[in-house]
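The values are calculated or read from the model by the stated rules, or taken from the named source; none is laboratory data. Fair warning: this is a prediction, and the values are worked out from it, not measured in the lab. Cβ placement follows ideal geometry from the backbone for every residue including glycine, while neighbour counts extend to all protein chains displayed.
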Amino acid sequence: MAIRTIRVEDDPILRKVSRPVIRFDESLHSLLNDMEETMRNAYGVGLAAPQIGILKRLFIIDIGEGLVEFINPIIISEDDEQLGDEGCLSLPGRFGEVKRPLTVTIKAQDRFGQYFELTKSELFARAICHENDHLDGTIFSDLVIGDLQYNHEGDE
Ligand code: NI
C-alpha cells in the first residue's frame, strides 16, 4: 500500500466528471488499498478517487463502523433532510453547513464487481452524498448555506 497525494484547493481534477470502473482487477484493488491508507493517514471518514487524481467512479467511507468501498455508485433514493457541518480533505481547514437527505439508499459494486444495496442515515448518508458529489466534480463548498468557515485549530 502507499499513501497518495491528496489534491486540494483549486486543482482542476477535482472539477472533472469521473468515468465508470470497467475492470475489477488487481490494479483496482491496489488503488482501493492505497485510498484506504491515504484516508486513514489524513484522519478522514471518506475519500473519492478524484481526490487522489484518479477519475474513476469510486469512493470509500469509514465513519467508524468499518470500511465500505463503493464502485460505480448510484443513489437510488433519498428521504427527509438533515442540516449539519461538513469538511473535506481537499479543502483543509474549512467547514460549512450543508443540507443533505437524512437517509439515502445507494446501489454500488464491491471490489469484485458484485452489486449491493445499502440504506444509511445521518452521518453515513451525509458521507455518501459528499463522496458521490466528488465523482461529478462537485465540492461541498458549492453547497454551503451561508459562509464557508475557517477552522484555525487544524483540519476537519
Ligand atoms: Ni470531500
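Does Leu67 satisfy the criteria of being modelled with pLDDT of 95 or more and either surrounded by fewer than 18 Cβ atoms within 10 Å (Cβ to Cβ) or under 14 Å from Ile3 (Cα atoms) (or both)?
Values: modelled with pLDDT of 95 or more: yes; either surrounded by fewer than 18 Cβ atoms within 10 Å (Cβ to Cβ) or under 14 Å from Ile3 (Cα atoms) (or both): yes.
Considered against the rule, which asks whether it is modelled with pLDDT of 95 or more and either surrounded by fewer than 18 Cβ atoms within 10 Å (Cβ to Cβ) or under 14 Å from Ile3 (Cα atoms) (or both), Leu67 comes out as yes.
Of all the listed residues (Tyr115, Tyr150), the sole one being in contact with a strand residue (DSSP E or B) (Cβ under 8 Å, 6 or more places away or on another chain), under 28 Å from Ser30 (Cβ atoms) and among the hydroxyl-bearing types (Ser, Thr, Tyr) is Tyr115. When the residues of the range 25-43 are filtered to those that are in a helix (DSSP H, G or I), out of contact with any helix residue (DSSP H, G or I) (no Cβ under 8 Å at 6 or more places or on another chain) and away from the ligand (no atom under 16 Å from the Cβ), the one that is nearest to Pro92 (Cα to Cα) is Glu37. For the criterion of being in contact (Cβ under 8 Å) with a residue 60 or more places away in the chain, closer than 16 Å to Asn132 by Cβ and surrounded by 13 or more Cβ atoms within 10 Å (Cβ to Cβ), Leu32 fails.
Do the conditions hold for Glu117, that is, is it over 16 Å from Val45 (Cβ atoms) and over 15 Å from the mean Cα position of the chain (by Cα)? Against the criterion (over 16 Å from Val45 (Cβ atoms) and over 15 Å from the mean Cα position of the chain (by Cα)), Glu117 qualifies.
Taking Leu89 as the residue in question, decide whether it is under 19 Å from Phe140 (Cβ atoms) and more than 16 Å from the ligand (Cβ to nearest atom). Answer is no for this residue.
Please work out if Val104 is touching a Cys at 6+ places or on another chain (Cβ under 7 Å) and crowded, with 19+ Cβ neighbours inside 10 Å. Spell out the reasoning first.
Working: touching a Cys at 6+ places or on another chain (Cβ under 7 Å): yes; crowded, with 19+ Cβ neighbours inside 10 Å: yes.
Here the answer is yes, as Val104 does meet what is asked.
Counting only residues that are surrounded by 11 or more Cβ atoms within 10 Å (Cβ to Cβ), in a loop (DSSP other than H, G, I, E, B) and not hydroxyl-bearing (Ser, Thr, Tyr), the range 1-24 holds 12 of them.
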